[in-house]
Amino acid sequence: MSKHENRFEVVYKDGSQLKDDGVRQILVDRETGVHYLLWKSGYAGGITPLLDEEGNVVISRDELQESD
């Protein structure tokens, strides 16, 4: 992956900074394929890996970018 590419891609975004429930985003790490849930509201926020119904980390191998 070149230095000019973003490692994380936003694949879903919901909410607004203007509302109390804040902004929720799903990010995908282009190197590992791991999906993360990011929540932020005002000066607070948090990030955690997404889990499937069995408690395993959600990984999308098909979304990985090939490195040159």
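Quick note: the coordinates plus some simple rules give every number you see, no bench work behind them. Just so it is clear, the structure is predicted and the values come from calculations on it, not from any experiment. Cβ sites come from the backbone with ideal geometry, for glycine too, and all protein chains shown count toward neighbours.
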Would you work out which of V10, G42, I26 lies farthest towards the positive end of the dipole of region 1-52, given +1 charges on the beta-carbon of Lys and Arg and -1 on that of Asp and Glu, about the Cα centre? G42
With a 10 Å radius around each residue's Cβ, average the other Cβ atoms per peptide and rank 54-62, 9-17, 34-42, highest first. 34-42, 9-17, 54-62
Apply the Karplus curve 6.51 cos²θ - 1.76 cosθ + 1.60, θ = phi - 60°, to the phi angles in region 30-39 and return the couplings in whole Hz, x for Gly and Pro. 5, 7, 10, x, 6, 9, 10, 9, 10, 10
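Under unit Cβ charges (Lys, Arg +1; Asp, Glu -1), what dipole magnitude, rounded to 20 debye, does region 8-60 have relative to its Cα centre?
The dipole of region 8-60 has a size of about 300 debye.
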Shape call for region 8-60, from the Cα gyration tensor axes a ≥ b ≥ c (a/c under 1.5 means rounded, otherwise prolate when a/b beats b/c, else oblate), comes out prolate
